[in-house]
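The values are calculated or read from the model by the stated rules, or taken from the named source; none is laboratory data. Computed from a predicted structure; not experimentally measured. Here the Cβ positions follow ideal geometry from the backbone for every residue, glycine too, while neighbour counts run over all protein chains shown. Areas reflect the complete protein model, heavy atoms only, side chains present, ligands, DNA and RNA absent. Shrake-Rupley method; radii C 1.70, N 1.55, O 1.52, S 1.80 Å.
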Amino acid sequence: MLKSIRPAAAVVFLTSTPDFALDAFQVRAKNYLLKPVQADPLYAALDELLAAPRPFPVELAAEGGASVVVAVDRVLYLECTDHRVFYHLTDGTCIRGRTIRVPFLSAAAPLLESGLFLQPHRSYLINAEHILRLTGQSVILSDGTEIAVSQLRRREFRQQYMDYLSGDRP
């Protein structure tokens, strides 16, 4: 339930039985500790959580020459339509970006370079922290949005997502 509310939340399982290991894997738990908890594994798990990168602010170029600064974890996905980028946020708002005269990936380069955003389709970038699940042809985000994964990118997208989950990213 916690992951459905905040997909990026760090979860550490603390239990007296290894029976829930599969559940921990399914919610991408950061660690799994068995009771009685020993000090060294507990401190190691806490150190890992504290060392995890924190959300950083990003500047979004809004229409009318304005800029909006938001924490990167608030950005669900970017959509490019008719040379304009739309920034969809976790609170349901959509920031209408400026008209772009460069390729979409050039305009979105700072987000793409963060290693948090994946491209399932030529017109979308998705914040990997908000992916709830992959289906055969699409990705479901934390707010319920379903975005198609193009057939040409399907294998590469899945691999990028697996790399993201394993921590093997820029």
Exercise. Quick one: how many residues across the stretch 138-170 are in a helix (DSSP H, G or I), of a type in the set (Asp, Glu) and closer than 20 Å to residue 73 by Cβ?
Worked result: 1
For this session: Please give the number of the condition residue 92 fails out of (1) in contact with a helix residue (DSSP H, G or I) (Cβ under 9 Å, 6 or more places away or on another chain); (2) under 27 Å from residue 2 (Cβ atoms); (3) not hydrophobic (A, V, I, L, M, F, W, C).
Result: (1)
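Could you pull out every one of the strands (runs of 3 or more DSSP E) wholly within the stretch 40-137 that has 2 or more residues that are within 30 Å of residue 13 (Cβ to Cβ) and open to solvent by 50 Å² or more (accessible area, probe 1.4 Å)?
Hits in the stretch 40-137: 131-134.
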Exercise. Of the residues 48, 63, which is in contact (Cβ under 8 Å) with a residue 24 or more places away in the chain and more than 23 Å from residue 138 (Cα to Cα)?
Worked result: 63
For this session: Filter the stretch 84-98 for residues that are over 25 Å from residue 140 (Cα atoms) and modelled with pLDDT of 90 or more and give the result.
Result: none
